[in-house]
Amino acid sequence: MKKCFILGLNLLLCFALRAQSDDRGFEIAKNLEIFSSVYKNLNLNYVDDVDPGKTIKVAIDAMLSSLDPYTNYYPESQMEDVKLQLLGQYGGIGSIIMQRGDTIMISEPYKGLPADEAGLKAGDRLLEVNGESTAGKTTADVISALRGQAGTEVTLKLERDGKVFDRTLKRREIHLPNVPYFGFVGDGNAVGYIKLDEFTTDAAKHVRDAFVSLKKENPAMKGVILDLRGNGGGLMNEAVDIVNIWVPRGVLVVETKGKVASKNLKSYTRQQPEDTEIPLAVIIDGSSASASEIVSGALQDLDRAVIVGQRSYGKGLVQNILPMPYNNQMKVTVSKYYIPSGRCIQAIDYSHRDENGRAVKVPDSLKTAFKTKSGRTVYDGFGIEPDVEVAPEYMSNIGVALAQKLLVFDYATQYYRTHPSIAPAKDFVITDEIYADFCRYLKEKNLTYQTVTERMMTQLREVAKEERYDSALEGQLKEMERLLEQEKQGDLVKHRDEVSEMLKAEILLRYYYDQGRIEGTLKSDKVVNRAIQELSK
């Protein structure tokens, strides 16, 4: 009797699941038919011609945006963007461009690549690409024109200091370095430093090579810092292999779980490590995401590294690239990942939305405590919390104004054109003479900017006028404005350290590219210095 009851219950469950599956299949078929009918009616009856590719792309993008920001559709024309995301490479000239009003400018040519070899410099105005004017074009338009198949040529018309010139460049397969710099920091080359920008192909190999090189140069090295600030992630297998540099073979680093069982997997370290004893610090910030969080979170869960900086972004979602018809592709979120303690660090719940349609953060009440290998408590649901928090530094009002108005950029361009050489990157400093020259330069540019206090003063005036207190308060308001303006006059003195660092970074970029900028600014990096302190304990 009991066996019959269980058999009957199983049959009912099977029928229920099949019915549920049939209902879902019917809903999908019904809605696809509705969508097809909507488009057919538009095509037949809409007053103007409908562009099928554009209209369907808008519909697809709108559908995917209701899920999460990482599920995207890529038409064939955007394949270079996919290659850049996954491989860190694309066909192009190797330069960053930027828009300034209606003008497109070269912002930073990469060392040793076509733009650099052709003599393009930061600050050059890009007037034409293959005979077509860049006037009125966006950076995205110009980037699309500059990129193309490796080996093909692109002709540019540029302007520098009022002189127009042409350059013909041969596009190349551009491989962006995922480790732009490694070296030593602190006193006596005691601590190694490795900067990792992206988890693209061979990232783990390059990090391992950098670490081996540092150990070879100084076998007595007392610690190493892995800098993942601003690193938005990339390939998960590269993250696992980077952890493996400092963790023994056979250790679980990350597990993925999703709807499709075949997509669920556990990733273990597979190789012999380079060093399981050397003290290790990992630096993260609010832009460290995905694979960066796998590395920092796994090393934290395994109690293998001290994490320094600010809380990470909180992206615990895994995407796969799926092929589509006609050479299109689709990136789909297929699972969530869980690091060794068992926690998922995803901070935003895209399956739940507020009344405005915005995805909500995981509430504190739903956060769960987990234990690291040695028993320390860590939490899920809101990124990786650093073991040693270093408060972020925010730019001053004058710093923001100098950056937005590109005044530091322009001064660095002028300085580079009038100074054939400077000291090595690690020794270069902004002297009193350079800073005084920059201050004179700003006077010629008539720098103006509004502080938060001034904006609040404007609002106070408006409210006082509405409530008819303006006449009574006019004297006090004018005096406050006078004092504020007087204080602003001293901002270049008050914020000299900050402005000097901005100048140093931009000038170093002109002479020594990104590698020199990193090397030259490490000495004054407060987070790096704090990591050095932690490693010395």
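The values are calculated or read from the model by the stated rules, or taken from the named source; none is laboratory data. Since we're looking at a predicted model, the values are computed, not measured. Please note: Cβ atoms are built from the backbone with ideal geometry, for glycine as well, and neighbour counts cover all protein chains shown. Surface areas here come from the heavy atoms of the whole protein model, side chains and all, with no ligands, DNA or RNA. Shrake-Rupley method; radii C 1.70, N 1.55, O 1.52, S 1.80 Å.
Observations on the model:
- Solvent-accessible ranking of 532, 321, largest area first, probe 1.4 Å: 321, 532
- For segment 240-360: rounded, prolate or oblate by the Cα gyration tensor [a/c cutoff 1.5]: oblate
- Protection proxy ranking of 364-375, 292-303 - average other beta-carbon atoms within 10 Å, highest first: 292-303, 364-375
- Residues of type lysines that residue 315 reaches as a straight line, Cα spacing below 16 Å, ignoring anything fewer than 8 places off in the same chain: 257, 331, 336, 361, 367
- Normalised by the number of residues in the chain, the mean separation of alpha-carbon contacts (under 8 Å, six or more apart) gives a relative contact order of 11 percent.
- Taking a ≥ b ≥ c as the square roots of the eigenvalues of the Cα gyration tensor, segment 251-321 is classed as oblate, since a/c reaches at least 1.5 and a/b does not exceed b/c.
- Under 22 Å from the Cα of residue 137 - lysines, other chains or at least 8 residues apart: 54, 57, 121, 157, 163, 405
- Estimated from helical segments only, the mean residue ellipticity of the chain at 222 nm is -13500 deg cm²/dmol, where each DSSP H run of four or more residues counts as -39500 (n - 2.57).
- Counting all C-alpha pairs of segment 425-537, share separated by more than 25 Å (%): 49
- Ordering of 181-188, 232-239, 348-355 by packing is 232-239, 181-188, 348-355, highest average first (other Cβ atoms within 10 Å, averaged per residue).
- Placing unit charges on the Cβ atoms of the charged side chains and taking the dipole of segment 151-233 about its Cα centre, the candidate lying farthest along the positive direction among 219, 232, 185 is 219.
- Calculated volume of the Cα convex hull per residue in Å³ (choose from (i) 180; (ii) 165; (iii) 263), label: (iii)
- Stretching residue 276 away from residue 336 to a fully extended chain increases their span by 18.8 nm, per 0.36 nm per residue minus the current alpha-carbon distance.
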